[in-house]
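Below is one structure, written out as structure tokens; comments come after it.
Laboratory data are not the source of any read-out in this text; all were calculated from the coordinates shown. What you are looking at is a predicted structure, and each value in this text was computed from that prediction instead of being measured. So basically every Cβ, Gly included, is an ideal-geometry build from the backbone, and we count neighbours across all protein chains shown.
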Amino acid sequence: MIRFLNLEKRFGRNKVLKGIDLDLSQMGITAVLGPNGSGKTTLLKCFLGMVIPTNGSIQFKNESILGRHLYRSEISHVSQIVYFPENLTPNELIKMAKDLRPGTTREKHFIELFELSSEMHKKMSTLSGGTRQKINLLLGLMHDNKVIILDEPSSGLDPVSFLNLKSFLKKEGKKNKQILITTHTMSFVEEIADHIVFLLNGQIYFQGKLNDLLSQENRKDLESAIANIIQQKKSTGLDA
Amino acid sequence: MINNSNPYFKPIQWILIYWFGVGPIHLHARVTLLNAEQDLHQIVESAQPYDSLILSQGIYTFENILIDKPLTLMGQEGALLKSLNGDEILLVTADSVTIQGLTFTGVKTSYIKERSAIRIDKGKYFEIKDNVITNCFFGIYLEHVSHGVIYNNRISGQATTEAGSGNAIHAWYCSNIQIKGNELKGHRDGIYFEFVDKSLIEENLSFNNIRYGLHFMFSNDDIYRKNTFRDNGSGVAVMFSKEIKMIENTFSHNWGGASYGLLLKEINDASIINNQFNQNTIGIFVEGSNRITYSNNSFRRNGWAIKFSGGCSANEITNNNFLNNSLDLVVGTKLSDNEIHHNYWSEYTGYDLDKNNIGDVPHYPVKLFSYILNQVPEAIVLMRSFFVYIVNFSEKVSPVFTPKEVFDPTPLMHEVQ
Amino acid sequence: MLKIFKYTVYDLIRNRWLIFYTGFFLLLTIALIFLSNDVSKVLISLSNITLMLTPLVGILYGVMYYYNSEDYIRFLLSQPISRTSIFSGIFGGMATSLSLSLIVGLGTPLLIRGVLFVPEFITFIIVLGMAVLLSIIFSSLAFIIALYNSNRIKGFGVAIFTWLFFAVIYDGLFLLLLLIFKDYPLENITLGLTMFNPIDLARILTLMNLDISAIMGYTGAVFKNFFGNPLGMMIILILLICWIVLPFYWMLRKVNRKDF
């Protein structure tokens, strides 16, 4: 469904994406991994239209999305948001999100899942960081879309909510949806990811199943596999 | 009607005769009712002194009617005197002539002769009342006359240029005349005085005249009070005159290029009391005038409240209100011996700790910005700019360019009522 | 766009800075009314204050609001809405709430004082209108500054300098120029120079109402034709609107090329 063709992005002199060719056609949960600065957030932001690529193109359902915005009504996105308009309440934000994009919503499910019902009438400025992250998840996930993109969804969540989120994502992954997740929590990836895309220095280093990566690197767990990749690259000087 | 306390009207008999209608000479006077078909020249000529001619409704087309004996000319409603070829209509050379209730029109502009609807030459004790004069070159023209009154006339012209228009009331070499309750508009000057002494101008409304509402030249000991001058080229000009009293007049909306409410040029010993100056380009423009008292006047939203140029000394500026003028005082030259005190300045930012209604720090009304304006007039577009505030403020803290001697040591905290 | 506008206004009318700002103008206007019975004096004082303060508050508030809204803007960017709509909505909402704050703060006390029925009503409208226009102009400049500077400290610095430039430095240089070239005919240059500073334009429009007598008194034909003519007022208004439209257009251009 999503295809990146020779995608390049430069911020000033800094080349962040160096010609990415990536076809994400298989359904299920895909983890986009990579060390800091490898370009994974930029890649997703390019797809969401928040970053404008220097070169190349991005296709969604075989149509270019560059300069368009309507395709986003089929994409749910959870970003790393800390501050919402501070004088609005979660209820008002939900109403706004519904105003901004049509379609069926399931906010009640999340209010129960994250036990938010007592917080829905309070101003955002009075809510704790964890609660705000829950509201953020709720706003991102409430629309029932085929494509879901999550940027560090676990940050700031308490263990119970994290468990609930995982089980929700697992269920969603089985519904023939495409879910893209960036995260630094490897156990989380091991637990839920069907596929892995590993970015290194703005290029695709690996794309495939988790087990293939482990066997390729000859490691038992993802964390050490990745540490190994990064270590190797450093020693061969390719990281420069 | 007449003010008995007025010092300019001494002959008591005259008052009795004319205001109470009794007197020996009147006893045999005839009253004749005229119509428009009759020949006015002939009738006036054959009339006896002290006769009354009453013009009934109709258009009387004549010019140069000479009135050389005491007569009363009165108009009934709709009696219109129209100039035959545009020359003068009435020429009065006798004393004790009354002209009342008539309408005059059609005196045309001439560049050779100062034609007027009514001219009085060397007459005394005249009365010109309740007449309407429209579209005449000059309205009422007085020369070498005295002890006459001009009451409640409405004189309007359609002046467009100074050269091609005359004055509504023009007086030359006169004394002891009273001009009261008239409405004067659309002429060159509303009232023009040249060599006119001991006269009173009261309760007139002079507006939309292209030069001055009222103009004094070489005239002394006159009073004008309770008049309104608005929307004239300039309000009032007093030039080369002495002992003029200006009381309770209103000068408003006299604005334009070099416009002022009141111009004082080379005059001495005048007093300006209880007047209102509203929204004039310059409230009072003073050039070389000495010993003038300015008190209890209100200057409201003028461009400049008072602008001094030329040597001005021994003036007294007290108990005036300076309210929201763009600039209050502008001093072009050195002032000396002037007394400025107890005025209310709406700009004053001082305080009054002892609550005696007098500010505890002096007020310096001349600003650096007005000094700059004298150098670069275009800088006016920067008025009220924050930068100009800073400049003015720093100058106020330590004056360098503005005169140190011009200040009010006792500024009032509240408006003078 | 309208939806974003609606929620932005809805958020900002409950913003404590705006409430404080409204309260400040309410108190100021009430105090001035109590100090002076003369409505025109109140209006002159208010115009002096607003001509200086509204650009400053507009630019600082705009920068602050943009930086505080970066997360919110990212949230909106992932919605199926164009960038132009998002920023039109957010900027429009912010400018509207800022203007509302001025209208309430300056307007209510004067309306109660009966400004509708005095001859100074036109002046009141001009003073209020200029305060609103300057707020909009300077908050749009603020958005541009914030869009170009991701470093907040730098953004605030540039904003303050921009205000200082238009409020003080520009007029200082202007006056200096006039004094240096005072022997030359300066009228056209003077009129031209005012066009490049929105504060000067607003101030002159106010002057044309408050101090027209002074302006007319001093200078020659060019000024007289310009200031003594309703056309002059129209030109200034049009220029002020250009000062809103052009920065807004610039802002949208930048928005459509920026990476968030």
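Dividing the C-alpha radius of gyration of the range C:2-257 by 2.2 N^0.38 Å, with N its residue count, gives 1.07. Compared with the dominant Cα axis of chain C, that is its longest principal axis, helix C:2-12 is turned about 80°. Rounded to the nearest 10 degrees, the inclination of helix A:159-173 to the longest alpha-carbon principal axis of chain A is 70 degrees. Computed from Cα positions, the angle between helix C:152-164 and the longest principal axis of chain C comes to roughly 10 degrees. Using R0 = 60 Å, the C-beta based FRET efficiency linking A:SER187 and B:LYS334 works out to 0.05.
An ellipsoid equivalent to the range B:136-279, defined through the eigenvalues of its Cα gyration tensor, has semi-axes of 19, 18, 14 Å when rounded to whole angstrom and sorted largest first.
Considering helices alone, the calculated mean residue ellipticity of the protein assembly as shown at 222 nm is -11500 deg cm²/dmol, with DSSP H runs of length four and up weighted by -39500 (n - 2.57) and normalised per residue. Note that the range C:171-186 has calculated 3J(HN,Hα) couplings of 5, x, 5, 4, 5, 4, 4, 4, 5, 5, 9, 5, 7, 9, x, 10 Hz, one per residue in order, obtained from phi through the Karplus relation 6.51 cos²θ - 1.76 cosθ + 1.60 (θ = phi - 60°); glycine and proline are x. Residue-wise HN-Hα couplings along the range C:109-117, as the Karplus relation 6.51 cos²θ - 1.76 cosθ + 1.60 with θ = phi - 60° gives them from phi, are x, 6, 5, 5, 5, x, 5, 5, 10 Hz; Gly and Pro carry x.
Scattering from chain A was approximated by placing one identical point on each alpha carbon and applying the Debye formula without solvent; log10 I(q)/I(0) at 0.13, 0.14 1/Å stands at -0.84, -0.96. Sites listed here are chymotrypsin sites (Phe, Trp or Tyr not before Pro) in the range B:51-126 whose DSSP assignment is loop and whose Cβ has at most 14 other Cβ atoms within 10 Å: B:TYR111. Here the spin labels are modelled as points 7 Å beyond Cα on the Cα-Cβ line, and at B:GLN42 and B:SER394 they lie 8.8 nm apart. The base-10 log of I(q)/I(0) for the range B:73-142, evaluated at q = 0.18, 0.22, 0.23 Å⁻¹, reads -0.63, -0.91, -0.98 [Debye formula, identical scatterers on Cα atoms, solvent excluded].
The equivalent ellipsoid of the range C:1-42 has semi-axes of 32, 12, 5 Å, largest first, where each one is the square root of 5 times an eigenvalue of the Cα gyration tensor.
For the range C:2-257, calculate the relative contact order in percent as a whole number, restricting contacts to Cα pairs under 8 Å that are 6 or more residues apart.
On the way: 251 pairs, mean separation 68.7, N = 256.
Relative contact order of the range C:2-257: 27 percent.
Give me C:LYS182, B:LYS367 ranked fewest to most by other Cβ atoms within 10 Å of their Cβ, as a rough exposure proxy. Mind showing how you got there, number by number?
Working: C:LYS182 14, B:LYS367 23.
Starting with the residue having the fewest Cβ neighbours, the order is C:LYS182, B:LYS367.
Here's the picture: charge each Lys and Arg Cβ at +1 and each Asp and Glu Cβ at -1 in chain C, and of C:PRO230, C:ALA95, C:GLY129 the one pushed furthest to the positive end of that dipole is C:ALA95. For B:SER252, the residues whose modelled amide H falls within less than 5 Å of its own, excluding neighbours fewer than 5 places apart on the same chain, are B:PHE229, B:ARG230, B:ASP231, B:ASN278.
Loop-located trypsin sites (Lys or Arg not before Pro) across the range A:108-165 with a Cβ neighbour count of 13 or fewer within 10 Å are A:LYS122, with loop assigned by DSSP. Qualifying chymotrypsin sites (Phe, Trp or Tyr not before Pro) in the range B:279-376, where qualification requires a DSSP coil assignment and no more than 16 other C-beta atoms within 10 Å, comprise B:TYR351.
If the viscosity is 1.567 mPa s and the temperature 4 °C, what Stokes-Einstein diffusion coefficient in µm²/s follows for the range C:147-188 when Rh is the Kirkwood radius over Cα pairs? All intermediate terms of the calculation are to be shown ahead of the outcome.
Details: Rh = 12.3 Å.
Roughly 105 µm²/s, to the nearest whole number.
Rg then Dmax, both in Å and based on the Cα atoms of chain B: 24.9, 81.
Computed FRET efficiency, Cβ-Cβ of A:ASP99 and C:ASN37, R0 45 Å: what is it to the nearest 0.05? That pair, A:ASP99 with C:ASN37, gives E of 0.35.
Plainly put, the protein assembly as shown has a radius of gyration that is 1.22 times its Kirkwood radius, both from alpha-carbon atoms, as the Rg/Rh ratio. Approximating the spin labels as points 7 Å out from Cα along Cα→Cβ, the C:LEU2-to-B:THR161 distance works out to 6.1 nm. Coordinate range of the alpha-carbon atoms in the range C:117-236 per principal axis, descending: 49, 46, 18 Å. Dipole magnitude for the protein assembly as shown: about 4520 debye, using +1 per Lys or Arg Cβ and -1 per Asp or Glu Cβ, origin at the Cα centre. Around the Cα centre of the range C:2-257, unit charges on the Cβ atoms of Lys, Arg, Asp and Glu (plus for the first two, minus for the last two) sum to a dipole of about 840 debye.
Across the range B:103-113, computed HN-Hα scalar couplings (Karplus, 6.51 cos²θ - 1.76 cosθ + 1.60, θ = phi - 60°) run 10, 10, 7, x, 7, 8, 5, 9, 9, 10, 10 Hz from first to last residue, x flagging Gly and Pro.
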